[in-house]
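The structure appears below as structure tokens.
The values are calculated or read from the model by the stated rules, or taken from the named source; none is laboratory data. Only a predicted model underlies this, so the values are computations on that prediction, with no experimental measurement involved. Note that we place each Cβ from the backbone using ideal geometry, even for glycine, and neighbour counts take in every protein chain shown. SASA here: full protein model, heavy atoms, side chains in, ligands and nucleic acids out. Shrake-Rupley method; radii C 1.70, N 1.55, O 1.52, S 1.80 Å.
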Amino acid sequence: MKIKKIILSCLLVMGCLGAAAQPEEKTEYVFNPHWYLQVQPVGAQYTLGELSFGKLVSYNAQIGAGYQFNPIVGLRLSVNAWSSRAGSELDNSIKKWRWNYVAPMLDATVNVSNLFCGFNPKRIFEFSVFGGIGMNIAWNNGEAAAVKENLADYNLQYLWDGTKVRLAGRAGIMADFRICDAVTLGLEASANVLNDHYNSKKAGNADWYINALIGVKINLGKSYTTKVVTPPAPPEKVVERVVEKVVEKPAPPAPPVEVKVEPLRRDIFFTINATHIVGDEALKVKEIAEYLKANPEATVQVTGYADKGTGNEKINYALSEKRAQVVVDSLINDYGISSSRIFSSAKGDTEQPFDVDTKNRVSICIAK
């Protein structure tokens, strides 16, 4: 008997300790699409040629603006500019010439760190790749013309003058070091390719130049939000009391149980500036209709919303009104629900039920 009491006491203590343990909350980061500016005032360009590396290096700078659609993919428009160099060695004499250019480029960017390691705005270092296409606008090629004039037998078959516009492509890598939520310090290197006419010399292959740049990137607006996630509590442990003898008694009749129908909520999400129901969102409308058919006394409230991050107050109100109405029309026309059981309203962007802008393009339906 004493042994049973000791075992029972131990079980009760263990049960109390387990009940006291609470699941730990954790913070998750939610990405926000955002614009950014990029200023890279310090750079160097090396134009591939016949001379040594140091003789074909020139100053280079770049400024740009971009939009990050999600943690991985973005788009950037930049303007790269200053000067390029070319040269050759003829009869033990080194001849060099310089000209000016400006190159507007459109790049697609891929954040490799977020792709393989997940989104983390507090990460100190991030690695990205990019590739794009644009135009190289070159002028002031007088030094090349002077070389050809002074050395009549020097072969500059592609000598050009005036202003020349040529198609250019590039690919490169970026390394960003976080300073704060809004600012990162970045290093960038890219390889740029043009046709054989760029450096005035005929070589039978494309002309290349390599850019290396240092600068800062500034995020415009909040690039992320946080939410606290609490994991579900573990099931409560129940310790039964040990008894010596169980006396069976007939159970009293159970009182009648009133069946209560729980309300049903469905959020119908829309794409930006859209008012039509697509994909799996149509299944949610069907679930509301089935609920109303199964519960003849139930009604549904449909409320339309628009996200505050796009448009203006007037446009967003009209969007939210149409988003609510398209759900009402589907319930009536597609599923035969009486209009007397449906109530609708529009909130525009005056109320934002969700923390993330993209989720506020929604019609919230509550049936009860």
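Quick look at the values:
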| read-out | value |
| --- | --- |
| Index of the failed condition, ALA103 passing every other in (1) in contact (Cβ under 8 Å) with a residue 40 or more places away in the chain; (2) touching an Asp or Glu at 6+ places or on another chain (Cβ under 8 Å) | (2) |
| Hey, SER330 open to solvent by 70 Å² or more (accessible area, probe 1.4 Å), out of contact with any Asp or Glu (no Cβ under 9 Å at 6 or more places or on another chain) and either among the polar types (S, T, N, Q) or closer than 30 Å to THR226 by Cβ (or both) or not | no |
| Output for the stretch 277-296, where each listed residue is of a type in the set (A, V, I, L, M, F, W, C) and surrounded by fewer than 18 Cβ atoms within 10 Å (Cβ to Cβ) | VAL278, ALA282, LEU283, ALA294 |
| Some residue of the stretch 192-209 being more than 21 Å from PHE53 (Cα to Cα), of a type in the set (Val, Ile, Thr) and surrounded by 14 or more Cβ atoms within 10 Å (Cβ to Cβ) | no |
| Filter result (on the phi > 0 side of the Ramachandran plot and either in contact with a strand residue (DSSP E or B) (Cβ under 9 Å, 6 or more places away or on another chain) or in a helix (DSSP H, G or I) (or both)) within the stretch 312-356 | GLY348 |
| Hey, ALA103 at pLDDT 95 or above, under 19 Å from ALA171 (Cβ atoms) and open to solvent by less than 10 Å² (accessible area, probe 1.4 Å) or not | yes |
| Within the stretch 251-276, considering residues that are among the β-branched types (Val, Ile, Thr) and part of a loop (DSSP other than H, G, I, E, B), the one nearest to ASN312 (Cα to Cα) | ILE272 |
| Hits in the stretch 47-66 (condition: open to solvent by 60 Å² or more (accessible area, probe 1.4 Å) and closer than 30 Å to LYS222 by Cα) | ILE63 |
| Residue in the stretch 49-61 that is within 30 Å of HIS34 (Cβ to Cβ) and either touching a residue at least 40 places away in the same chain (Cβ under 8 Å) or more than 38 Å from the chain's Cα centre (by Cα) (or both) present | yes |
| Count - residues of the stretch 34-79 that are outside any loop (DSSP other than H, G, I, E, B) and within 22 Å of TRP208 (Cβ to Cβ) | 21 |
| Restricting the stretch 277-297 to residues that are part of a loop (DSSP other than H, G, I, E, B) and under 14 Å from ILE342 (Cα atoms), the residue that is nearest to the chain's Cα centre (by Cα) | ASN295 |
| Residue list for the stretch 297-313, filter: without any contact (Cβ under 8 Å) to a residue 40 or more places away in the chain and over 18 Å from ASP357 (Cβ atoms) | GLU297 |
| Boolean, ALA81 is among the hydrophobic types (A, V, I, L, M, F, W, C), in contact (Cβ under 8 Å) with a residue 24 or more places away in the chain, open to solvent by less than 50 Å² (accessible area, probe 1.4 Å) and within 26 Å of VAL57 (Cα to Cα) | no |
| Residue match in the stretch 265-276 (condition: hydroxyl-bearing (Ser, Thr, Tyr), exposed (fewer than 13 other Cβ atoms within 10 Å of the Cβ), at pLDDT below 90 and under 29 Å from the mean Cα position of the chain (by Cα)) | no |
| Residue among LEU151, LEU167 that alone is open to solvent by less than 50 Å² (accessible area, probe 1.4 Å) and out of contact with any strand residue (DSSP E or B) (no Cβ under 6 Å at 6 or more places or on another chain) | LEU151 |
| Residue under evaluation SER200, criteria (1) part of a loop (DSSP other than H, G, I, E, B); (2) among the polar types (S, T, N, Q); (3) in contact with a Ser or Thr (Cβ under 9 Å, 6 or more places away or on another chain), criterion not met | (3) |
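Residue by residue, here is whether (1) out of contact with any helix residue (DSSP H, G or I) (no Cβ under 7 Å at 6 or more places or on another chain); (2) open to solvent by 60 Å² or more (accessible area, probe 1.4 Å); (3) not charged (D, E, K, R) holds:
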| position | (1), (2), (3) |
| --- | --- |
| ALA298 | no, no, yes |
| THR310 | yes, no, yes |
| ILE315 | yes, yes, yes |
| LYS322 | yes, yes, no |
| SER338 | yes, no, yes |
| LYS347 | no, yes, no |
| ILE366 | yes, yes, yes |
